[in-house]
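A short worksheet on the structure shown next.
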Amino acid sequence: MLESIRSGAQSFGVKIAFGIIILVFVFWGVGNFNDRDYSNVVAVVNGEPILAREFEKAYHAEEEYLLRTNPGLTRQQLSKMDLGSRVLNELIRLTLLSQEAKRAGIEITPREMREVVAQDAAFQDESGKFDADAYKRVLEARRMTPGQYEKELSTQMLGARMAGLVTAAAWVDPEEARRMFDFLRERRVIDYLFIPSARFISEARITETAAKDWYENHKGQFSIPAQVDVAYIRVAPEDLVDAKSISEAAAREWYEANKSKFEKPERIHPRHILVTLAPDASEQQVREAEAKLATVRKQLGEGQSFAELADSINPPQAADKGGDLGWIGRGQTVPQFEEAAFALPVGQVSDPVRTDFGLHLILVEEKQEAGVAPFEEAAQEAYKTIAFEQGSDKIHEALDNLIEDNILQKPLAEAAARYNLKPEQTGLLDRAGLIQKLGVKPEGADALLAMSEGAPVDTALEAGDAYIIARIVKTRPEGIKGFSEVRNEIEAALAREAALKLALADGESQLRKYEQEKPASLEQSGFKTSAPLEREGVLPGFAPDEKLIHTIFDTKVDNWLATPFPVTSEKEGTGALIARVMRIVPPEPGEFAAAGEILENAMRQERKAGIFQIFIEDLYRKAIPIKINKDIVDRITMQGL
């Protein structure tokens, strides 16, 4: 429950707020500004140069960061991202910020610097104290001198201090946070009618001419990628050793050496019923909540289901269905709840437990005591791991022999039998199919597709923890399916499209009728009433449709949505939906008490980000026009640096 509130708050502006500030400080100034070699200057900011070597260092740092955090990104793609301009822009921002700090007399003292360095765990010994040798060793590994590092750190600290000073006045009215919370947590109930396209499918007649015209205009959709049929042997270390050949004594010895892997923490599997109550609730509100739970306890005593009562009482996001909280360990919930829940015997319902969220009744369904799983539970993993370790010692020899047999075109079945393995065959597969079926890397699939029919692969292809010995059985070049192959598919798709248009037209007609008649009840006309819909939710039973949900929340109560919506029912397929907004469901009384502070803080951080961005833009406006050496920014003249 608490985690869902926190994660929701984190998604609201916090990343934006910190992102802008952090971005400014990604690249720390490291150039020697006493070096006035203007032939090697990338920009001049208010008379202060940004040196080419400083730019190049920042460029490489950002380049490596992007490549490391985006595994699919290539240097060729990077070259099209105008990375040089992005890097220079951050260096200019930092220079402007440093100049403003100097003008305002803001600086970082040596003592402050020492305190920050001493707190870095990378520079501490085992007892947590600053270690000068570790400091030098770590910086050497980073290819930095202490002077360079401390200059960069000073710039970072200075920037953070400037950000704090500039945004210190940011303030959020608690009532504003409340209004934002009410807006975000507002839910809506609609009456709706779904008109299935299938009702009109018989009226949607598609001619062969129409189908052919559509085929000619969309031939690209029917391209057939190149395919190969591969005969192969999968070789994994654990397959080279029969687990049955491993003695129980060896398995027990492994288990004893790895007992820590099988430690089980103390856990419980509880359900709860929650009556929300603000931490500062009045005595009257507390008595009302207690009376409500007293009624629940009476109902439980009369045999009613705890899960059913939980579903009827719990507010949204209080728990899963039936009040289920899943398995939880110590430290995963608030102290009052934890203390009561872990003390409960299995199957017993607690007395009311007060937390910041309200009053709870707790039922513990299962308990797991702390301890170590016995050998019997760990035996399977022990045998499997030993087999893998022993097989790993044999894998290279086995692969060498299998590759040699494959090159010599020996029958795969015969080669596989030597290691108690079985040959398999893929059937015709394209690149994606080979990756999925064989588990090979994309480059492995490309190698298979490039080979000719009957050719053996003269190397073992990696496939996760296994290897593939492969031989090409059949190839099929890329092409386009003929009209006769796809005619039925096209006609069916066009018929569905036409049926949907007819359903929407019927929906338009019915909508206009209901708008004029303004019926008090729509139930007799086949309308259904939705559960309360969340602003970023979905209509139950239908595919997610962001536009539909936004329109529902933009429509006034007791009004119809202006037009029918094309939607997809999980049971009946496509169709048209007409709807009227019936009522608004406000947040539960206790919800804001639990999330208000988090939301208010998120709004404050977002506001700080905006203030700081305006401050940076103002520094740009006040600056002397900045001269930029585009050849260096575009890295045309950087090869010699």
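The values are calculated or read from the model by the stated rules, or taken from the named source; none is laboratory data. None of the values given here were measured: they were computed from a predicted structure. Please note: Cβ atoms are built from the backbone with ideal geometry, for glycine as well, and neighbour counts cover all protein chains shown. Side chains are part of the model used for accessible areas, which takes the heavy atoms of the whole protein and leaves out ligands, DNA and RNA. Shrake-Rupley method; radii C 1.70, N 1.55, O 1.52, S 1.80 Å.
Scan segment 138-190 for residues that are over 30 Å from residue 537 (Cα atoms) and among the acidic types (Asp, Glu) and the total you get is 3. Within the option set 231, 249, 243, being farther than 30 Å from residue 342 by Cβ, at pLDDT 95 or above and over 36 Å from the mean Cα position of the chain (by Cα) holds for one residue only, 231.
How many residues are within 32 Å of the chain's Cα centre (by Cα) and part of a strand (DSSP E or B) if we restrict to segment 439-467? The number of residues fulfilling the criteria is 5. Of all residue pairs spaced 6 or more apart or on separate chains, those with beta-carbon atoms under 8 Å, a first member in segment 49-69 that is over 16 Å from residue 89 (Cβ atoms) and at pLDDT below 85 and a second member that is aliphatic (A, V, I, L, M) and open to solvent by less than 20 Å² (accessible area, probe 1.4 Å) are 67/78.
Yes/no per residue for (1) free of Cβ contacts under 8 Å to residues at least 12 places away in the same chain; (2) open to solvent by 70 Å² or more (accessible area, probe 1.4 Å):
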site	(1), (2)
141	yes, yes
146	yes, no
154	no, no
160	no, no
164	yes, no
173	yes, no
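For segment 426-465, residues that are under 23 Å from residue 409 (Cβ atoms) and either in contact (Cβ under 8 Å) with a residue 40 or more places away in the chain or not charged (D, E, K, R) (or both) total 24. From the list 606, 591, 572, the one residue that fits, being in contact (Cβ under 8 Å) with a residue 60 or more places away in the chain and crowded, with 21+ Cβ neighbours inside 10 Å, is 591.
Within segment 90-127, restricting attention to residues that are charged (D, E, K, R) and within 26 Å of residue 622 (Cα to Cα), the residue that is least open to solvent (accessible area, probe 1.4 Å) is 90. The number of residues in segment 531-565 that are more than 21 Å from residue 183 (Cα to Cα), under 29 Å from the mean Cα position of the chain (by Cα) and part of a strand (DSSP E or B) comes to 1. Once segment 65-89 is narrowed to residues that are part of a helix (DSSP H, G or I) and β-branched (Val, Ile, Thr), the residue that is most open to solvent (accessible area, probe 1.4 Å) is 69.
Hey, does segment 103-124 have a residue that's in contact (Cβ under 8 Å) with a residue 40 or more places away in the chain, in a helix (DSSP H, G or I) and farther than 20 Å from residue 158 by Cα? No, every residue in segment 103-124 fails to be in contact (Cβ under 8 Å) with a residue 40 or more places away in the chain, in a helix (DSSP H, G or I) and farther than 20 Å from residue 158 by Cα. The residue pairs whose first member lies in segment 75-90 and is closer than 15 Å to residue 61 by Cβ, whose second member is at pLDDT below 80 and part of a helix (DSSP H, G or I), and whose beta carbons are closer than 9 Å, counting only pairs six or more residues apart or on different chains, are 90/23; 90/24.
The number of residues in segment 524-540 that are under 12 Å from residue 585 (Cβ atoms) and open to solvent by 40 Å² or more (accessible area, probe 1.4 Å) comes to 3. Remark: residue 575 matches the filter, which requires a residue to be modelled with pLDDT of 90 or more, not in a helix (DSSP H, G or I) and not aliphatic (A, V, I, L, M). Of all residues in segment 566-591, those satisfying the criterion of being small (Gly, Ala, Ser) and over 30 Å from residue 178 (Cα atoms) are 569, 573, 575, 576. Do we find a residue being over 30 Å from residue 432 (Cα atoms) and of a type in the set (Val, Ile, Thr) anywhere in segment 179-193? The answer is yes; a qualifying residue exists. The residues of segment 128-139 that are more than 26 Å from residue 54 (Cα to Cα), surrounded by 13 or more Cβ atoms within 10 Å (Cβ to Cβ) and free of Cβ contacts under 8 Å to residues at least 12 places away in the same chain amount to a single one, 131.
Select, from 79, 7, the only residue that is closer than 30 Å to residue 359 by Cβ and either of a type outside the set (Lys, Arg) or modelled with pLDDT of 50 or more (or both).
7
For segment 337-348, the count of residues that are within 20 Å of residue 280 (Cα to Cα), at pLDDT below 90 and in contact with a Phe, Trp or Tyr (Cβ under 9 Å, 6 or more places away or on another chain) is zero.
Rundown of residues vs (1) farther than 20 Å from residue 85 by Cβ; (2) free of Cβ contacts under 8 Å to residues at least 12 places away in the same chain; (3) open to solvent by less than 70 Å² (accessible area, probe 1.4 Å), yes/no style:
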site: 600; (1), (2), (3): yes, no, yes
site: 610; (1), (2), (3): yes, yes, yes
site: 618; (1), (2), (3): yes, yes, yes
site: 621; (1), (2), (3): no, yes, no
site: 626; (1), (2), (3): no, no, yes
site: 633; (1), (2), (3): no, no, yes
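For beta carbons closer than 6 Å, sequence separation of 6+ or different chains, a first residue in segment 468-492 that is touching a residue at least 24 places away in the same chain (Cβ under 8 Å) and within 30 Å of residue 415 (Cβ to Cβ) and a second that is part of a helix (DSSP H, G or I) and aliphatic (A, V, I, L, M), the qualifying pairs are 468/438; 469/402.
Among the residues here, residue 192 qualifies as of a type outside the set (S, T, N, Q) and either open to solvent by 60 Å² or more (accessible area, probe 1.4 Å) or within 30 Å of residue 508 (Cβ to Cβ) (or both). Looking only at segment 209-218, filter to residues that are of a type outside the set (Ser, Thr, Tyr), in contact with a helix residue (DSSP H, G or I) (Cβ under 9 Å, 6 or more places away or on another chain) and over 13 Å from residue 495 (Cβ atoms); which one of those is surrounded by the fewest Cβ atoms within 10 Å (Cβ to Cβ)? The extreme case among them is 216.
Residues that are open to solvent by 80 Å² or more (accessible area, probe 1.4 Å) and touching an Asp or Glu at 6+ places or on another chain (Cβ under 7 Å) number at least 2 in the following helices (runs of 4 or more DSSP H) confined to segment 364-438: 375-407. Checked against (1) surrounded by 12 or more Cβ atoms within 10 Å (Cβ to Cβ); (2) charged (D, E, K, R); (3) without any contact (Cβ under 8 Å) to a residue 40 or more places away in the chain, residue 302 passes all but condition (1).
How many residues are hydroxyl-bearing (Ser, Thr, Tyr) and without any contact (Cβ under 8 Å) to a residue 60 or more places away in the chain if we restrict to segment 325-351?
Filtering segment 325-351 down to residues hydroxyl-bearing (Ser, Thr, Tyr) leaves 333, 350.
Applying the additional criterion that residues be without any contact (Cβ under 8 Å) to a residue 60 or more places away in the chain yields 350.
Number satisfying all stated conditions: 1.
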